[in-house]
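Trainee: Structure in structure tokens, see below.
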Amino acid sequence: MSLAPKLRTAFALLLALHDEVVPTSNLIDEIWQESPPTTVVSTIQTYVYQLRKMLMESSRGGSGGVILRTVGSGYQLKIGPEKLDVTVFDRLFDQGKQALRERRYESASNALTSALSLWRNQPLADVPKGPILQAYAAQLEEARLQALDMRIEADLRLGRELDVIRELKSLVITNPLHEGFHAKLMLALHRSGRRHEALNAYSQLRKTLVADLGVEPSGAVQRLHRAVLAADPALDPVRETTRAGGVLTSPAQLPADLDDFVGREDYLVDLEMAFNRETSSAGTRVVILSGMAGVGKTAVGIRLGHRLRRQFPDAQFFASLTAGGVQPVEAYAVLGEFLRALNFFADQVPPTLEGRSQLFRSWCADRKVLLVLDDATRAESVRHLLPGGSQCGVLVLSRSSLPQLSGARRFVLNPMSPDAGVSLLAKVAGISLRQREMPAARQIAELCDGLPIAIRAIGAKLATTPGLTVERELARLQIGERRLAELQSGDLDLQAGLERSYQQLSGGAQHVLGGITRTAPEWFTAGGVRELIGLPQDLVETWLAEALDGGLLLADRRQDEARYHLLRTVRLFLSAKNETVTPVAALRHIA
């Protein structure tokens, strides 16, 4: 709700002095200062009425617990402390100050980072201010600068010189007389091997102080200057080995790499290049690897993550964005886990999605951080998790290409070649294939359509079933109606993955797939499907594109018209669906 300027002033004063009784005379002085109107008392009463009405409407929307009361000749705004950002800031500020005093530098940095994440603009930026609010805004701004100063102090104690230089360079420009920021910039530059820049920072500070105030820098800053000139070893970085709860705050969450990983080197090379700073944009590098169920996206993502670890040494996060293969995991919960991994205490983790996202971005801002987000289904959830720092990288693994996620580089993972499939089968089964078994093993890889999940399921059976040979397993797979059931071992279940992809399609896409399952050739075009089922070209193209993005079709776009491919395993799956009984009638009904 947009408030008139004078009403904003009244509300801001009541908020600033919440839980205190604000005399009507103070409201008058703050709003009109020396020239109130003759109807000032009734005007104040009208303002109070409007504010009460606004608070009542907000209460209906779930923001209750705020009461504006008349007390004597004044007014009192009662509000829960956790509903005010300034109260939460003060609590985190005190926690950070205490932790810094006790040399718990990691806890201090975390608490103060969380406090500073609550700031969005200058205090009371859009409020006309009288003397009380002007003093209050100056107090808030001073608290922000103190929190910044202490947080940078904690980061320097932790040896994070490179992380704070860019921030300090901005701060000395906006606060040219703040000697503390200049001193910290000098120290960070000196420790980073940039002594000449540290000396230049001192020269600029001295020039500004002399010109504006006619004074020299303080004794402490002058001593620091002399120490930089002398390359005093006492200025060398001292890494504080602080821990929180006994756990170091450099998360390395990547799952263990697969010992039986096979092939995919061409994909890995291209993906690594996408994360190379020289070949990518200046912002966060976001790469999406999409592909159908069971094609091995997670395995490739984990292998790539381990290859990129040295490039992102500050943290590597991993999260599955789908629970149990079915239920999407909310970004709110994922951010909570990330922040806990960084040793933020429970009361430092913001209660809102936006607050958590801001705090996570603040922590990542000047660090080299890698995120691997597995099984992503919604672009919106991914957006809340993006760190934003120019040195960060995000790998998104999804069945969809997530077209709503702009600025990302996209790769599609296709099934394995038969040769790679044979190698994977032998590795998972833990066998050395004899020459006479090679043809049968190759046929198994082909009947699995080169899908690693299916090949792994067969390999697991060969490894654990006494007396089961490659030839006998091939015979089982050659029975078409039993093949999907055979391609399952424990949680390696291709059919379950296909079912999930199928259920996420619209009715139109489901019916198009049903219409082409038994009749379309191995490779087909949208025009061919239109002739087959007699539906308008635009509808066919839309539904085929949806099935492709949903991971139930493959495509070759190198021709003038895209050619689609329906794998044999997918055909078997679709043939079992009831929609294939009367596909044309159903399709015409939808159209």
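The values are calculated or read from the model by the stated rules, or taken from the named source; none is laboratory data. Since this is a predicted model, take the numbers as computed values, not measurements. Don't worry about glycine lacking a Cβ; one is built from the backbone with ideal geometry, like all the others, and counts go over all protein chains shown.
Trainee: Of 100, 112, 68, 118, which residue is assigned by TED's automatic domain parsing to the domain that holds residue 19 and either surrounded by fewer than 18 Cβ atoms within 10 Å (Cβ to Cβ) or in contact with a helix residue (DSSP H, G or I) (Cβ under 9 Å, 6 or more places away or on another chain) (or both)?
Mentor: On the way: 100 fails: assigned by TED's automatic domain parsing to the domain that holds residue 19; 112 fails: assigned by TED's automatic domain parsing to the domain that holds residue 19; 118 fails: assigned by TED's automatic domain parsing to the domain that holds residue 19.
When all the criteria are applied, what remains is 68.
Trainee: Identify all residues within the stretch 86-103 that are in contact (Cβ under 8 Å) with a residue 12 or more places away in the chain and over 27 Å from the mean Cα position of the chain (by Cα); write none if there are none. Step through it out loud before you land on a result.
Mentor: Kept after step one, since they are in contact (Cβ under 8 Å) with a residue 12 or more places away in the chain, are these residues of the stretch 86-103: 86, 88-93, 95-97, 99-100, 103.
Within the stretch 86-103, 90, 97, 99, 100, 103 meet the criteria.
Trainee: Residue check: is residue 190 in the same structural domain as residue 160 (by TED's automatic domain parsing), buried (at least 17 other Cβ atoms within 10 Å of the Cβ) and under 41 Å from the mean Cα position of the chain (by Cα)?
Mentor: Values: in the same structural domain as residue 160 (by TED's automatic domain parsing): yes; buried (at least 17 other Cβ atoms within 10 Å of the Cβ): yes; under 41 Å from the mean Cα position of the chain (by Cα): yes.
Judged against the criteria, residue 190 is a match.
Trainee: Out of (1) over 23 Å from residue 296 (Cβ atoms); (2) assigned to a helix (DSSP H, G or I); (3) among the basic types (Lys, Arg), what's the single condition that is false for residue 427?
Mentor: Of everything listed in (1) over 23 Å from residue 296 (Cβ atoms); (2) assigned to a helix (DSSP H, G or I); (3) among the basic types (Lys, Arg), residue 427 misses just condition (1).
Trainee: Which of the residues belonging to the stretch 166-213 are of a type in the set (D, E, K, R), under 25 Å from residue 389 (Cα atoms) and either without any contact (Cβ under 8 Å) to a residue 40 or more places away in the chain or not in a helix (DSSP H, G or I) (or both)? Walk me through how you get there before you give the answer.
Mentor: So the first thing to find is which residues in the stretch 166-213 are of a type in the set (D, E, K, R), and the list is 166-167, 169, 179, 184, 191, 194-195, 197, 206-207, 212.
Now narrow it down to the ones that are under 25 Å from residue 389 (Cα atoms): 166-167, 169, 184, 191, 194, 197.
Correct list: 169, 184, 194, 197.
Trainee: Also, quick follow-up: Name the residues in the stretch 487-507 that are surrounded by fewer than 19 Cβ atoms within 10 Å (Cβ to Cβ) and touching an Asp or Glu at 6+ places or on another chain (Cβ under 8 Å), would you?
Mentor: Correct list: 506 only.
Trainee: Please pick out the residue among 201, 211, 244, 252 that is surrounded by 11 or more Cβ atoms within 10 Å (Cβ to Cβ) and at pLDDT 90 or above.
Mentor: Answer to the check: 201.
Here's the yes/no breakdown for (1) closer than 30 Å to residue 23 by Cβ; (2) of a type outside the set (A, V, I, L, M, F, W, C); (3) part of a helix (DSSP H, G or I):
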| site | (1), (2), (3) |
| --- | --- |
| 78 | yes, yes, no |
| 90 | yes, yes, yes |
| 98 | no, yes, yes |
| 106 | no, yes, yes |
| 111 | no, no, yes |
| 129 | yes, yes, no |
| 132 | yes, no, yes |
| 139 | yes, yes, yes |
| 142 | yes, yes, yes |
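Trainee: Which pairs do you get when a residue that is in contact (Cβ under 8 Å) with a residue 24 or more places away in the chain, found in the stretch 445-464, comes within reach of a residue that is of a type in the set (Gly, Ala, Ser) and not in a helix (DSSP H, G or I), reach meaning Cβ atoms under 6 angstrom, with the pair 6+ apart or on two chains?
Mentor: 451/294; 452/296; 453/294; 457/489; 460/489; 461/489; 463/430
Trainee: Here's a follow-up. Of the conditions (1) outside any helix (DSSP H, G or I); (2) buried (at least 22 other Cβ atoms within 10 Å of the Cβ); (3) of a type in the set (D, E, K, R), residue 456 fails just one. Which one is it?
Mentor: Just one mismatch for residue 456, condition (1).
Trainee: Given (1) over 30 Å from residue 498 (Cβ atoms); (2) surrounded by fewer than 19 Cβ atoms within 10 Å (Cβ to Cβ); (3) at pLDDT 85 or above, identify the lone condition not met by residue 359.
Mentor: (2)
Trainee: Can you report the number of residues in the stretch 1-52 which are touching a Phe, Trp or Tyr at 6+ places or on another chain (Cβ under 8 Å), part of a helix (DSSP H, G or I) and farther than 16 Å from residue 124 by Cβ?
Mentor: Qualifying residue count for the region: 4.
Trainee: In this structure, does residue 170 turn out to be surrounded by fewer than 16 Cβ atoms within 10 Å (Cβ to Cβ) and at pLDDT 90 or above? I'd like the intermediate steps shown before the answer.
Mentor: Values: surrounded by fewer than 16 Cβ atoms within 10 Å (Cβ to Cβ): yes; at pLDDT 90 or above: yes.
Judged against the criteria, residue 170 is a match.
Trainee: Among the residues of the stretch 396-410, is any touching a strand residue (DSSP E or B) at 6+ places or on another chain (Cβ under 8 Å), more than 18 Å from residue 549 (Cα to Cα), at pLDDT 85 or above and not hydrophobic (A, V, I, L, M, F, W, C)?
Mentor: no
Trainee: OK, next. Which residue out of 68, 140, 133, 118 is within 30 Å of residue 314 (Cα to Cα) and either modelled with pLDDT under 85 or over 28 Å from the mean Cα position of the chain (by Cα) (or both)? Show your work before the answer.
Mentor: On the way: 68 fails: within 30 Å of residue 314 (Cα to Cα); 140 fails: within 30 Å of residue 314 (Cα to Cα); 133 fails: within 30 Å of residue 314 (Cα to Cα).
Result: 118 is the single residue among 68, 140, 133, 118 that is within 30 Å of residue 314 (Cα to Cα) and either modelled with pLDDT under 85 or over 28 Å from the mean Cα position of the chain (by Cα) (or both).
Trainee: Now for a different question. Before we move on, is residue 95 modelled with pLDDT of 85 or more and exposed (fewer than 14 other Cβ atoms within 10 Å of the Cβ)?
Mentor: Values: modelled with pLDDT of 85 or more: yes; exposed (fewer than 14 other Cβ atoms within 10 Å of the Cβ): no.
It is false that residue 95 is modelled with pLDDT of 85 or more and exposed (fewer than 14 other Cβ atoms within 10 Å of the Cβ).
Trainee: Kindly indicate whether any position in the stretch 513-535 is free of Cβ contacts under 8 Å to residues at least 60 places away in the same chain, surrounded by 17 or more Cβ atoms within 10 Å (Cβ to Cβ), under 33 Å from the mean Cα position of the chain (by Cα) and farther than 30 Å from residue 422 by Cα.
Mentor: Within the stretch 513-535, not a single residue is free of Cβ contacts under 8 Å to residues at least 60 places away in the same chain, surrounded by 17 or more Cβ atoms within 10 Å (Cβ to Cβ), under 33 Å from the mean Cα position of the chain (by Cα) and farther than 30 Å from residue 422 by Cα.
Trainee: May I pose another question? Say we look at the stretch 255-284 and pick out the residues that are modelled with pLDDT of 75 or more and charged (D, E, K, R); which of these is surrounded by the most Cβ atoms within 10 Å (Cβ to Cβ)?
Mentor: Across the stretch 255-284, the extreme among qualifying residues is 264.
Trainee: Give me the pairs, please: first residue somewhere in the stretch 27-45 and under 17 Å from residue 75 (Cβ atoms), second residue anywhere and surrounded by fewer than 12 Cβ atoms within 10 Å (Cβ to Cβ) and of a type outside the set (Phe, Trp, Tyr), beta-carbon distance under 8 Å, and either six or more positions apart or on two chains.
Mentor: Qualifying pairs under 8 Å: 29/131; 30/131; 43/37.
Trainee: Within the stretch 391-405, can one find any residue that is surrounded by fewer than 18 Cβ atoms within 10 Å (Cβ to Cβ), in a loop (DSSP other than H, G, I, E, B) and hydroxyl-bearing (Ser, Thr, Tyr)?
Mentor: So in the stretch 391-405, the residues surrounded by fewer than 18 Cβ atoms within 10 Å (Cβ to Cβ) come out as 403-404.
From what's left, in a loop (DSSP other than H, G, I, E, B): 403-404.
If we keep only those that are hydroxyl-bearing (Ser, Thr, Tyr) too, we end up with none.
Looking for residues that are surrounded by fewer than 18 Cβ atoms within 10 Å (Cβ to Cβ), in a loop (DSSP other than H, G, I, E, B) and hydroxyl-bearing (Ser, Thr, Tyr), one finds none in the stretch 391-405, hence no.
Trainee: Among 311, 316, which is surrounded by fewer than 17 Cβ atoms within 10 Å (Cβ to Cβ) and in contact with a Gly (Cβ under 9 Å, 6 or more places away or on another chain)? Outline the logic, then answer.
Mentor: On the way: 316 fails: surrounded by fewer than 17 Cβ atoms within 10 Å (Cβ to Cβ).
Criteria check complete, one pass: 311.
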